[in-house]
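Worksheet: one structure, shown below.
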Amino acid sequence: MRVRLARAAASLGDGPDLEERIRAKDRERALGVRHYFGQEWCNPNLYDLMINTACGEEAAAETVLCAAGLRTAPPAGAGA
């Protein structure tokens with residue numbers, strides 16, 4: 001939640017209710033997935049790819065590009 005709070009604060013502005021707004025949006029998304037698909041949104045079997053964005057936006061974007069076959073993964077340890 002810490003990373004999500006920091007990211008949300010950067011785009012929405014900080015506030016005492018920021019965590020509750022994030023949790024409310026999560027509940028809204030969960031209800032939508034349950035209503036339209038009869039599934040629980042946190043079920044990893046529903047997704048082709050899950051990315052931990054705590055690693056940073058650039059690393060997350062690289063992961064998507066590699067998964068889509070638009071880029072090959074760098075050798076292990078490159079850039080570290």
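The values are calculated or read from the model by the stated rules, or taken from the named source; none is laboratory data. Just so it is clear, the structure is predicted and the values come from calculations on it, not from any experiment. Ideal geometry is used to build each Cβ from the backbone, glycine not excepted, and the neighbour counts take in all protein chains shown.
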Exercise. If you check Asp48 against the conditions, is it loosely packed, with under 11 Cβ neighbours inside 10 Å and acidic (Asp, Glu)?
Worked result: yes
Problem set entry | Pairs with Cβ under 8 Å, 6+ apart, first in segment 33-48 and under 21 Å from Leu65 (Cα atoms), second among the β-branched types (Val, Ile, Thr) | Leu46/Val33
Problem set entry | Those residues of segment 1-28 which are assigned to a loop (DSSP other than H, G, I, E, B) and either in the same structural domain as Asn52 (by TED's automatic domain parsing) or under 22 Å from Glu57 (Cα atoms) (or both), in sequence order | Met1, Gly13, Asp14
